[in-house]
Amino acid sequence: MTSHVEIFEVGPRDGLQNEQRPIPTAEKIALVDCLGRAGFRRIEIASFVSPKWVPQMADSAEVLAGIARVPGVRYAALTPNLKGYEGALAARADEVAIFGSASEGFSKANINASIAESLERFRPVAERAQADGMPVRGYVSCVTDCPYDGPVAPDAVARVVAALRDMGCYEVSLGDTIGQGRPETIDAMLQAVLQEMPAGRLAGHYHDTAGRALENVSVSLERGLRVFDAAVGGLGGCPYAPGAKGNVATEAVVAHVEALGYATGLDRAVIAEGAAMARAMRGV
Ligand code: HMG
Ligand code: MG
């Protein structure tokens, strides 16, 4: 098993999407450009969703147009449907993500569709992306708990993972959207999901509401996962997940996995700079 852990930085998207104050585009670009110097291979910076649903992400095309692209870094965008995909393609995103849910309540609240309907909407996005040679990542939200439906069965997560795999997602990221997952529930979920997809194609996306995200990273490492989503400064939250706090902080995951003997290849000083910028942008 490799001793390398990759952190997929999601701060500029997940970290900022819930912020009420309209953050100037230039500030977002400055944050992305700072993070580009930290050694990440992938940074999620944009979201081509309805501006009525998530106003903060309305300038995603301008952000993609304004950044100084670092060679070797892939700049990612969320794309819930074909309209979003076309926006991401035109703005020259390097990869896109389709995002589903393992629970019906969150699916309806977040993307106004049942799970089955959402998968039908994702299919043409995945097909177009494949034809264009665009990598597609998948997300599954509410992998252990849903703010509307309560506890989520591991098999329900595995079913959505399998559907995203069948559409050609190169990796599926497992979202503990409201940060209520515990090592036991994360482990049970992973056991079911690993029947459908190997650990090398899964990522852990843990919010830290209950302060257990690092323990959840640890159990995921034991199950073979080596990619974790995180946000500098631990900022974030989903507008359609009441009570969801920030993603686990990038700097905390780096310290945690490096203490366990894994290499991340990241520059901690640059990450600290990015975390300070992100906090200032959110006024915390
Ligand atoms: P809808 O209202 O059902 O969509 O929303 P619609 O197709 O009926 O269209 C309604 C209006 O939206 C139309 O405009 C469309 O043009 C427009 P109008 O005619 O009213 O002026 N529209 C769009 N505009 C821009 N870009 C688009 C787009 N699509 C339609 N792509 C929709 C369905 C999916 C669009 C909506 O529910 C939406 O945008 N949801 C996004 C919610 C979101 O971004 N949530 C946060 C990200 S997910 C997350 O944070 C979880 C994650 O971090 C993992 C985890 O933690 O679990 C990934
Ligand atoms: Mg999230």
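The values are calculated or read from the model by the stated rules, or taken from the named source; none is laboratory data. Just so it is clear, the model here is predicted, and its values are computed rather than measured. Note: ideal-geometry Cβ built from the backbone for every residue, glycine included; neighbour counts use all protein chains shown. Side chains included, ligands, DNA and RNA excluded: accessible areas come from the protein's heavy atoms. Shrake-Rupley method; radii C 1.70, N 1.55, O 1.52, S 1.80 Å.
Laid out as a table, the results:
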{"quantity": "Inter-residue pairs, beta-carbon under 8 Å, first within 11 Å of G168 (Cα to Cα) and in the stretch 113-127, second open to solvent by 10 Å² or more (accessible area, probe 1.4 Å) and assigned to a helix (DSSP H, G or I), 6+ apart", "calculated": "V125/L82"}
{"quantity": "Hey, E127 out of contact with any strand residue (DSSP E or B) (no Cβ under 7 Å at 6 or more places or on another chain), open to solvent by 20 Å² or more (accessible area, probe 1.4 Å) and more than 21 Å from Q17 (Cβ to Cβ) or not", "calculated": "yes"}
{"quantity": "Test: D187 is modelled with pLDDT of 95 or more, open to solvent by 50 Å² or more (accessible area, probe 1.4 Å) and not polar (S, T, N, Q)", "calculated": "no"}
{"quantity": "Boolean, A203 is under 18 Å from the mean Cα position of the chain (by Cα), over 24 Å from P135 (Cα atoms), touching a residue at least 12 places away in the same chain (Cβ under 8 Å) and within 16 Å of ligand 1 (Cβ to nearest atom)", "calculated": "no"}
{"quantity": "Residues of the stretch 77-92 satisfying the condition of being more than 12 Å from A129 (Cα to Cα), within 11 Å of ligand 1 (Cβ to nearest atom) and outside any loop (DSSP other than H, G, I, E, B)", "calculated": "A77, L78, K83, G87"}
{"quantity": "Yes/no for G224 being more than 16 Å from ligand 2 (Cβ to nearest atom) and in contact (Cβ under 8 Å) with a residue 60 or more places away in the chain", "calculated": "yes"}
